[in-house]
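**Student:** First the structure, which I've put down as structure tokens, then a few questions once you've had a look.
The values are calculated or read from the model by the stated rules, or taken from the named source; none is laboratory data. These numbers were taken from a predicted model, which means no experiment stands behind them. Cβ atoms come from the backbone with ideal geometry, glycine included; neighbour counts cover every protein chain shown. Just so you know, the surface numbers come from the protein's heavy atoms only, side chains and all, with ligands and any DNA or RNA stripped out. Shrake-Rupley method; radii C 1.70, N 1.55, O 1.52, S 1.80 Å.
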Amino acid sequence: MGKIKIGVFGAQRGGVMIKMLASHPEAELVAVCDKYRPLLDNVQKLADDRQIKVGLYETFDEFINHDMDAVVLANYANEHAPYAVRLLMSGRHVMSEVLPCETMSQAVALIEAVEASGMVYAYAENYCYMPAPFEMRRRYERGDIGEVQYAEGEYVHDCASIWPQITYGERFHWRNRIYSTYYCTHSLGPLLTITGRRPVRVVGFETNANTSRGNTDMSAMFSSGGIEMVTLDNGAVVKSIHGGLKREPASINYEVYGTRGMMESNRWDGSEMAAYIEGEKFCHGELTHYKPEPFISSGLSKAVSGHGGGDFYTTHFFIEKILGTDDGNKYSIDVYTAVDMGICGILAYRSVLNGNAPVDVPDFRDKLARGAYVDDNACTNPNVAGDQLLPISPYFDADTIPDSEFDRYRKLWLDGKNAE
């Protein structure tokens, strides 16, 4: 077959994929869609520099009619599933940025669209492919630390200063509407791919909001931490924590404890990790610290450095899966694992609202398990939830923030400034 013709929906987050596809030996960048014209102008400049032809569209309805084999969804993080379903049913392969779905109903629809279409779906959880967690997957599969008993994943990133630049001062921007446990797959996802286990139960927690600057300050809305305590199908327990807690630099960290040892990343140096392997005697073994080298690589990977190399591998394995290679089939994250990662956050929030009660995580590989969730649209987005609308937080009322505060953030965005 010739080069795979790929389009990108969303030129901001999709920028790194656009650059990669523009020079990929097995793929061809053919179309980009974004509602913000200056981003399309940047793509046109790239296309001119690379001497390639790229269709540029400001609406998805025009974009979907372009001649292309596959699409990278890099649009708003709560809108991936509906577009993925449309593309899959139109005969296009799909790589979805995080998160896979906004509701349980969308999770069902997404899985059934993949099954009905027979097209490739790949989930672009790039943190799974950062040097340490990707190496930890290889070593876990090799049996180095035995079977998982406990694990921790952490993604703490305070976005307070850049909030104007990532929300544009829009009151109903998705980032201003999500709840504490929603954005969970950066912390939880790598632990599922490292261990290959499935979540079966989740308990959710939300920290109190940071109102040190007052209840009407925007930062109070995105300052809480979300925590998921997840039981895996072998009885192991996982702690996933994420959110806008105060620390610099941001923390990305993973720990996996097994029956024969443990592995952990270095929260201060993401290129480094440690492993302890117990020997013949209890409590005696070998502890090593090292910087893992990619065990699957290509010349192109050196030119794509976003998110510790993770941005390269998400797209690379998507292409490889379309081509039917062993690496693509093994390492590209499929729709079932993607949904496992995402619905843990959805269900954890129900736990939060219900006094931290445990919630079972359904296995949507089982078609019978999907029936109870077909019409489950509960979320914090009024355009999707209808009469199933949930509050953004049990501790903080976002409606108390005046329009003037959003206007202030919009001006900061237009002026190219951060919040202080």
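**Student:** If you stretched the chain out fully between Ile166 and Glu280, how much longer would it get, using 0.36 nm times the residue separation minus the C-alpha to C-alpha distance?
**Tutor:** Additional length available on full extension: 35.8 nm.
**Student:** May I ask you to evaluate 6.51 cos²θ - 1.76 cosθ + 1.60, the Karplus curve with θ = phi - 60°, for each residue of segment 328-341 and list the ³J(HN,Hα) values in order in whole Hz, giving x for glycine and proline?
**Tutor:** Along segment 328-341, the couplings run x, 5, 7, 9, 6, 7, 7, 5, 5, 5, 4, 5, 3, 4 Hz.
**Student:** Give the long-range amide H neighbours of Lys417: residues separated by 5 or more places, or on another chain, with amide H under 5 Å away, using H modelled in the peptide plane at 1.01 Å from N.
**Tutor:** none
**Student:** Can you tell me the dipole magnitude for segment 1-146 around its Cα centre, using point charges on the Cβ only (Lys, Arg +1; Asp, Glu -1), in Debye to the nearest 20? Write down the numbers at each step before the final one.
**Tutor:** Working: 15 positive and 20 negative charges, 75 e Å.
Here the size comes out at about 360 debye.
**Student:** Between Glu26, Glu286, Glu147, which gets the highest mean-square fluctuation from a Gaussian network model of the chain, Cα cutoff 10 Å?
**Tutor:** Largest GNM mean-square fluctuation: Glu286.
**Student:** I'd like the Karplus ³J(HN,Hα) series for segment 351-357: coefficients 6.51, -1.76, 1.60, θ = phi - 60°, whole numbers in Hz, and an x wherever there's a Gly or Pro.
**Tutor:** Each residue's phi maps through the Karplus curve to give 4, 4, 5, 10, x, 6, 6 Hz.
**Student:** Then there's this: If DNA, RNA and ligands are ignored and the probe is 1.4 Å, what is the ranking of Glu293, Glu255 by accessible area, most exposed first?
**Tutor:** From most exposed to least exposed: Glu293, Glu255.
**Student:** Take every DSSP beta bridge with both residues inside the chain and express the antiparallel ones as a percent of the total, to the nearest 5.
**Tutor:** Around 60 percent antiparallel, to the nearest 5.
**Student:** Please give the residues of segment 149-163, grouped as numeric ranges, whose backbone N is less than 20 Å from a label point set 7 Å along the Cα-to-Cβ vector of Leu390.
**Tutor:** 155
**Student:** Rolling a 1.4 angstrom probe over the protein chains, ignoring ligands and nucleic acids, what is the accessible area of Tyr331 in square angstrom, nearest 10?
**Tutor:** Approximately 20 Å² of Tyr331 is accessible to the 1.4 Å probe.
**Student:** Would you rank Ser212, Ser332 by solvent-accessible area, highest first, keeping every protein chain in place and using a 1.4 Å probe?
**Tutor:** Ser212, Ser332
**Student:** Run the reach check for Lys246 against lysines, Cα to Cα strictly under 29 Å, same-chain hits fewer than 8 apart removed. What comes back?
**Tutor:** By straight Cα distance, Lys246 reaches Lys291, Lys411, Lys417.
**Student:** Starting from the Cα of Asp61, step 7 Å along the direction of its Cβ; do the same at Asn329; then give the gap between the two resulting points in nm.
**Tutor:** Placing both labels 7 Å beyond Cα along the Cβ direction yields 4.1 nm.
**Student:** So which lysines can Lys330 reach, going by Cα to Cα under 16 Å and dropping same-chain residues fewer than 8 places off?
**Tutor:** Candidates past the 8-residue exclusion: Lys321.
**Student:** So, one more: Hey, what do the phi angles of segment 52-66 turn into as Karplus ³J(HN,Hα) couplings, whole Hz, using 6.51/-1.76/1.60 and θ = phi - 60°, x for Gly and Pro?
**Tutor:** Couplings: 10, 9, 10, x, 10, 9, 9, 10, 5, 4, 7, 4, 5, 8, 5 Hz.
**Student:** In addition: Using only Cα atoms, locate the centre of segment 32-84 and the centre of segment 221-272, then give the distance between them in Å, rounded to an integer.
**Tutor:** That distance is 34 Å.
**Student:** Sticking with this one: Order the following by accessible area, largest value first: Ser404, Ser161. Probe radius 1.4 Å; ligands, DNA and RNA are ignored.
**Tutor:** Correct descending sequence by accessible area is Ser404, Ser161.
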